[in-house]
4 protein chains.
Amino acid sequence: MQAIEPEPIYDVAHLAHVELLTPDLDASLGFFRDLLGMEETARAGGSVYLRGYEEQYHHSLKLTAAAEAGAGHVAWRARSAQALQRRVAAIEAAGLGRGWIDGDLGHGRAFRFVTPEGHPMEIFWEVEYAATPEGKATALRNRPQRRPAAGVPIRRIDHLNLMVADTALCRDFMIDVLGFRERERVMGGPNVVASWLAVTNLSHDIALVPEPTPARGRFHHVALHYTSLQHLYDLAELAREAGIRIETGPGRHGIGGAAFLYLIEPGGNRIELMGDPGYMVFDPSWRTVVWDASELAAAVVWTGASVPDSFWVYGTPDAAAPGEATAA
Amino acid sequence: MQAIEPEPIYDVAHLAHVELLTPDLDASLGFFRDLLGMEETARAGGSVYLRGYEEQYHHSLKLTAAAEAGAGHVAWRARSAQALQRRVAAIEAAGLGRGWIDGDLGHGRAFRFVTPEGHPMEIFWEVEYAATPEGKATALRNRPQRRPAAGVPIRRIDHLNLMVADTALCRDFMIDVLGFRERERVMGGPNVVASWLAVTNLSHDIALVPEPTPARGRFHHVALHYTSLQHLYDLAELAREAGIRIETGPGRHGIGGAAFLYLIEPGGNRIELMGDPGYMVFDPSWRTVVWDASELAAAVVWTGASVPDSFWVYGTPDAAAPGEATAA
Amino acid sequence: MQAIEPEPIYDVAHLAHVELLTPDLDASLGFFRDLLGMEETARAGGSVYLRGYEEQYHHSLKLTAAAEAGAGHVAWRARSAQALQRRVAAIEAAGLGRGWIDGDLGHGRAFRFVTPEGHPMEIFWEVEYAATPEGKATALRNRPQRRPAAGVPIRRIDHLNLMVADTALCRDFMIDVLGFRERERVMGGPNVVASWLAVTNLSHDIALVPEPTPARGRFHHVALHYTSLQHLYDLAELAREAGIRIETGPGRHGIGGAAFLYLIEPGGNRIELMGDPGYMVFDPSWRTVVWDASELAAAVVWTGASVPDSFWVYGTPDAAAPGEATAA
Amino acid sequence: MQAIEPEPIYDVAHLAHVELLTPDLDASLGFFRDLLGMEETARAGGSVYLRGYEEQYHHSLKLTAAAEAGAGHVAWRARSAQALQRRVAAIEAAGLGRGWIDGDLGHGRAFRFVTPEGHPMEIFWEVEYAATPEGKATALRNRPQRRPAAGVPIRRIDHLNLMVADTALCRDFMIDVLGFRERERVMGGPNVVASWLAVTNLSHDIALVPEPTPARGRFHHVALHYTSLQHLYDLAELAREAGIRIETGPGRHGIGGAAFLYLIEPGGNRIELMGDPGYMVFDPSWRTVVWDASELAAAVVWTGASVPDSFWVYGTPDAAAPGEATAA
């Protein structure tokens, strides 16, 4: 039935880590460590490195003190040394390469690049695995440490969401240059409004949503993964009393199908907590699911909480005039 | 840090379907359709085809009337037409090919082969997608049908488990010929006792556990996927009153980390229901987790129900003398 | 510490059943039976009787065909024959008695009365227990039948909510004449805005919320009980695709603490599904929790979904001008 | 239908607290405070007082250093000052009174008594409410403090289980002298083997199970309450890694219907965690559910984990010969 087509690119393995910039490093650290139960694995410069209790790498989140919130960079791991070279060549051919860096705590040399709208990214191959923290050894051999007894502990990083002015342009970059496959998209007439893309079996590893302001390169959210709905409700209680803003949720997405809770961490970045993985995609010839913009409500929220206006406007750095944060 | 190694094989995409043989087709069908909420998509010959409500293909389970329980065959989907050709060549080179068939309802031509111990398998590329059943259209565009209101509906097939006498031999076939990666294994001294392997980001797509009888090519279980612990408990109540044997669970595995419930369907085959996906693996350089046989209890059950002796002995076809089924 | 006070009244045991009026009996029946898994126990006149699978009485819900939606009557069971006589005397002394009826399917003679604003109620002692439905016998001796395998089955009725113009007046009737204790209330300056009252250990058996229209005696909702959050989300999916209006939820109440989902059944009545019992009260000297009207948002929704305007306006019978249902 | 009978006794309101004796106070305190998230409210003498985050009284658990594990005493709260006097008179008439004490931290004068087999109990009326701990104020007015962010926090105490040699004798004491109603019982021919009794709407407030040793007055377990199955599984993970013995579970009881997890706290006392309240009883004419001893397996475990032999033998104080604890 299916015609013979060129074989897909398999060179990007997964989202390895995200660096979040925060104007209040202590408060952001408290949020991720004490409420979300993440393990602090290192500090260096103005940065703190963290990971979830099921994560094997040195870190999946890097918090860096900065004047404004936002994503410092987004890191993808290549599938092999050869795959890294192929993607670097493709990125350079696209004119979006920014050159090699020596690496960072937790990984080897990395190639820096940007999306067509300037979101900073990197790709690397050599990685360092997590050490078992003192006093946290576990008999469960597939985890680097035991489950934390603090807050409502997340298991791992899941996906990323960026704001883009030209969705089609950025999507095509992810597909053509990096080898992502598109899973779902929203069309406004002939125009791509938003797109969900993956390199793994997750419903998506990255989403691109519309940027309504003149700003470019903004970050919408990073998603962290739980096991169950109960964890979303437990965390919502803790967050509320801790003065963490709950933007919306718990609820269930149409697109992707995950159960969600959106919080604004103390530094101002939006964080999604997932209480169900949603559907997974194993089909190598997956046909992109297409929604019309008129179906947006069902696409974004299938059941549960509605999505406030701020969800469509607020990103980091905040693009509002000084003194009027758009999420307030 | 990591040395440059040959690139992995990416040719097998995922477990596409399993054919279960049953001496009581009507009772087996009732189990999968009425208790597990699977959709019947076709009947032909002595077979009934079924799928979960989030599955996009024509079917993920084929029930076929037979004298004895067991797995008729296990089907893998290739990642591309080219990938299919490469794997067929490799299987033929290994001397385990059995030749092409024209296909079946739901997919195109397939290449039949066996494991070194004779478990029947096939691999194919061309696939047919599910039609939306009459009266079950959904506004949720990423599902082929709405969620059923019968039983406790499973979402999709997850993985497979086979009984093997020579674990290392069968594991090496899965790795070297089909391109699986090993995720966890249990060692009894220098010998591989059991092995968990994957081609997707799931903790495993296939497991190989020891065959304690002289029989060869037996089936241990197929796993179907739920969202939550609650579903396992709900189904356990329904199963108990419907006279379905609960072998063990709910509980949580050490290896893989999934929440489990094991039932024996009316035809005699063991079915695992999963109430949590367990951990996922995105790391392309994943280091196999190795357990010693002395750690088997923790490896198999991390928390919850214990595992009865039948779990290590019973498989289908039943290898017991006539009249003394080992699961009884 | 506490002074010696007169002993409380213990004469009302619990909410026994609610009669809902529906302009579309077939559609309402389909909702309660097929989506909520309730068992039909009898039909008589224009009524159908239903109960949850853990309920021991003949019925907890009576659906009656009528021109308009609303509550036909609300029935309380007395704690003893003597308790029944005492409450009848008190109701008659309050001038709100409407006389004895011979009973109904499922219970013996009952005394009819009204609240100060005319909501029809009854109280009775003699009760008939549920027969085990054909083919649904269970080995679980504390249930009259096995768990249903249809829809997302509710376990039992939980509580009731009525709309009142003079909250203090109706609340005092429930306390002074029927013996309820107040658990929580909302004050608007010196005025009681809303009140939650109980005779059991539930956080409340009845709630009284403000009536914003000139109508009197209107019904706000009846609540049915589940075990878990998962069931609320599962039902929300089924309801959405079945064309059942989801007014709000899932979410978690501040007052009472239950996880909620509000649906409008096809006849027009509002139904709350509870996915957690909330807190329970065992303290016989419980001090009423008092909220200021300015805290209403937190009192009504502690986490999760917001509450739409219709929640404060819509009740049955609908008080809107013909053709403009307030819930639309 | 029902004949007119004498009215029941309503004088005992609920289980107010349990004093557990522990040979390792620090380790026991760590268990309840750090793993179960209980709040320490006071220390005095060799005792520490604790409560769950939804509990309103000063404490529900008192831990006291002692040579051996066991229950120091079990405290019931009367429904009123008059109710207290009536029960004291009845206990004295039964010859089981031990006299008044001045009270303790958290409550006023209490009357001490024993069951016919010597289990120490008390009943009181005057109670002190919990103060909000420093820095833990909550906007949720029906809780004395915010939800903890430590361990997997229990919400409240639920029920108690005692070992008895003469079940009928002890049960009749609870019914005739204290006013409990029997909910379920297990019969071995003409003999009462075990009994579940309540004064609240819970399925039971106390259970009496057989004492297989010559010891008398032993404690089987106290149960603490969670919201969901997920919490049982989360706690089981924490307990396992903390070296806390998991005796059995998670699983679901037939009798009572609760989801359970049984742990042995570091002092040696058995603790049940409940992940579902089970069924509730509102019916004032509830007919005792009767099981035959041959049905015990289904009665105790409806689905999930089996119950080990230790469950029927081990209690505190341990009745085994020195050096051979029966739970080992």
- Item | Which listed residue is charged (D, E, K, R), within 14 Å of chain A (Cβ to nearest Cβ) and closer than 23 Å to D:ILE271 by Cα, from D:ARG146, D:ARG155 | D:ARG155
- Query: Can you name every residue in region B:305-322 that is modelled with pLDDT of 90 or more, surrounded by fewer than 20 Cβ atoms within 10 Å (Cβ to Cβ) and closer than 30 Å to A:ASN201 by Cβ?
  - Reply: B:PHE311
- Taking region A:130-149, which residues are within 23 Å of the chain's Cα centre (by Cα) and either farther than 17 Å from B:TRP286 by Cα or aromatic (Phe, Trp, Tyr) (or both)? A:ARG147, A:PRO148
- Single unsatisfied condition, A:GLU40 versus (1) in contact (Cβ under 8 Å) with a residue 40 or more places away in the chain; (2) surrounded by fewer than 22 Cβ atoms within 10 Å (Cβ to Cβ); (3) within 23 Å of D:GLY151 (Cα to Cα): (1)
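Would a scan of region C:268-276 turn up a residue that is under 28 Å from B:GLN145 (Cβ atoms), more than 14 Å from chain D (Cβ to nearest Cβ) and modelled with pLDDT of 95 or more?
Step one: list which residues in region C:268-276 are under 28 Å from B:GLN145 (Cβ atoms), which gives C:271, C:273, C:275.
Subset that is more than 14 Å from chain D (Cβ to nearest Cβ): C:271, C:273.
With the extra rule that they be modelled with pLDDT of 95 or more, the set shrinks to C:271, C:273.
Yes, region C:268-276 contains at least one residue that is under 28 Å from B:GLN145 (Cβ atoms), more than 14 Å from chain D (Cβ to nearest Cβ) and modelled with pLDDT of 95 or more.
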- Test result for D:ALA83, hydrophobic (A, V, I, L, M, F, W, C) and in a strand (DSSP E or B): no
- Note on the structure: Of those in region B:131-144 that are buried (at least 16 other Cβ atoms within 10 Å of the Cβ) and polar (S, T, N, Q), the residue nearest to B:GLN85 (Cα to Cα) is B:ASN142
- Is it true that some residue in region C:179-196 is among the hydrophobic types (A, V, I, L, M, F, W, C), under 14 Å from the mean Cα position of the chain (by Cα) and buried (at least 24 other Cβ atoms within 10 Å of the Cβ)? yes
- Note on the structure: Looking across region B:87-133 at residues that are in contact with a helix residue (DSSP H, G or I) (Cβ under 6 Å, 6 or more places away or on another chain) and part of a strand (DSSP E or B), the single one that is nearest to B:ARG147 (Cα to Cα) is B:ILE123
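Please work out which residue is nearest to the other protein chains (Cβ to nearest Cβ), limiting yourself to region D:242-267 and to residues that are of a type in the set (D, E, K, R) and farther than 22 Å from B:ALA236 by Cα. Give the steps one after another, and end with the answer.
Narrowing region D:242-267 to residues of a type in the set (D, E, K, R): D:245, D:247, D:252, D:265.
Retained after the next criterion (residues that are farther than 22 Å from B:ALA236 by Cα): D:245, D:265.
Working: D:ARG245: 13, D:GLU265: 16 Å.
So the residue we want is D:ARG245.
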- Query: Looking only at region A:56-107, which residues are farther than 19 Å from A:ASN161 by Cβ and aromatic (Phe, Trp, Tyr)?
  - Reply: A:TYR57, A:TRP100
- Message: Please go through region A:300-317 and give me each residue that is hydroxyl-bearing (Ser, Thr, Tyr) and either out of contact with any strand residue (DSSP E or B) (no Cβ under 8 Å at 6 or more places or on another chain) or within 12 Å of chain B (Cβ to nearest Cβ) (or both), ordered by number.
- Response: A:THR303
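Which count do you get for residues in region D:149-163 that are in a loop (DSSP other than H, G, I, E, B) and either at pLDDT below 95 or small (Gly, Ala, Ser) (or both)?
Step one: of region D:149-163, the residues in a loop (DSSP other than H, G, I, E, B) are D:149, D:151-155.
Imposing the further condition that a residue be either at pLDDT below 95 or small (Gly, Ala, Ser) (or both) reduces the set to D:149, D:151.
So the answer is 2.
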- Query: Can you tell me how many residues in region A:168-227 are more than 29 Å from A:GLY52 (Cβ to Cβ), assigned to a strand (DSSP E or B) and more than 14 Å from chain B (Cβ to nearest Cβ)?
  - Reply: 5
- Given (1) crowded, with 21+ Cβ neighbours inside 10 Å; (2) within 13 Å of chain B (Cβ to nearest Cβ), A:ARG287 misses just (1)
- Filtering region B:108-130 down to residues that are under 19 Å from B:LEU160 (Cα atoms) and surrounded by fewer than 16 Cβ atoms within 10 Å (Cβ to Cβ) yields B:GLY118
- Message: For region D:9-37: of the residues being of a type in the set (Gly, Ala, Ser) and within 14 Å of chain C (Cβ to nearest Cβ), which is surrounded by the most Cβ atoms within 10 Å (Cβ to Cβ)?
- Response: D:ALA16
- Report yes if B:ILE4 is among the hydrophobic types (A, V, I, L, M, F, W, C), within 14 Å of chain A (Cβ to nearest Cβ), surrounded by fewer than 19 Cβ atoms within 10 Å (Cβ to Cβ) and not in a strand (DSSP E or B), otherwise no. yes
- Please find, among C:ALA239, C:ALA297, the residue that is over 19 Å from the mean Cα position of the chain (by Cα), facing another protein chain (nearest Cβ under 9 Å) and part of a helix (DSSP H, G or I). C:ALA239
- Does B:SER285 satisfy the criteria of being assigned to a loop (DSSP other than H, G, I, E, B), in contact with a Phe, Trp or Tyr (Cβ under 9 Å, 6 or more places away or on another chain) and touching a residue at least 12 places away in the same chain (Cβ under 8 Å)? yes
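Okay, residues lined up against (1) more than 27 Å from D:GLY30 (Cα to Cα); (2) of a type in the set (Val, Ile, Thr); (3) surrounded by fewer than 19 Cβ atoms within 10 Å (Cβ to Cβ):
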| position | (1), (2), (3) |
| --- | --- |
| D:LEU263 | no, no, no |
| D:GLY268 | no, no, no |
| D:ILE271 | no, yes, no |
| D:ALA293 | yes, no, yes |
| D:THR303 | yes, yes, no |
- Query: Residues in region C:303-321 that are free of Cβ contacts under 8 Å to residues at least 40 places away in the same chain and closer than 18 Å to C:ARG252 by Cα: how many?
  - Reply: 1
- Condition set modelled with pLDDT of 95 or more and of a type in the set (Gly, Ala, Ser), scope region D:2-23, selection nearest to the chain's Cα centre (by Cα): answer is D:ALA16
- Item | Every residue from region C:284-294 that is more than 16 Å from C:ASP205 (Cα to Cα) and in contact with a strand residue (DSSP E or B) (Cβ under 8 Å, 6 or more places away or on another chain) | C:SER285, C:ARG287, C:VAL290, C:TRP291, C:ASP292, C:ALA293
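Before we move on, is B:LEU232 within 12 Å of chain D (Cβ to nearest Cβ) and either assigned to a loop (DSSP other than H, G, I, E, B) or touching a residue at least 60 places away in the same chain (Cβ under 8 Å) (or both)?
no
What's the total number of residues in region B:58-78 that are touching a Phe, Trp or Tyr at 6+ places or on another chain (Cβ under 6 Å) and part of a loop (DSSP other than H, G, I, E, B)?
Just the residues of region B:58-78 that are touching a Phe, Trp or Tyr at 6+ places or on another chain (Cβ under 6 Å), to begin with: B:59, B:62, B:70-71, B:78.
Okay, now just the ones that are also part of a loop (DSSP other than H, G, I, E, B), so B:59.
Result for region B:58-78: 1.
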- Task: Answer yes if at least one residue in region A:123-130 is at negative phi, more than 11 Å from chain B (Cβ to nearest Cβ) and of a type in the set (D, E, K, R), and no otherwise.
- Result: no
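Just give me the residues in region B:24-80 being among the polar types (S, T, N, Q), closer than 20 Å to B:ALA131 by Cβ and within 19 Å of the chain's Cα centre (by Cα), in sequence order.
Within region B:24-80, the subset among the polar types (S, T, N, Q) is B:28, B:41, B:47, B:56, B:60, B:64, B:80.
Filter once more, so that each one left must be closer than 20 Å to B:ALA131 by Cβ: B:41, B:47, B:56, B:60.
B:SER47, B:GLN56, B:SER60, listed by residue number.
The values are calculated or read from the model by the stated rules, or taken from the named source; none is laboratory data. Everything quoted here is computed from the prediction, not taken from an experiment. FYI the Cβ positions are ideal-geometry reconstructions off the backbone, even for glycines, and counts take in every protein chain you see.
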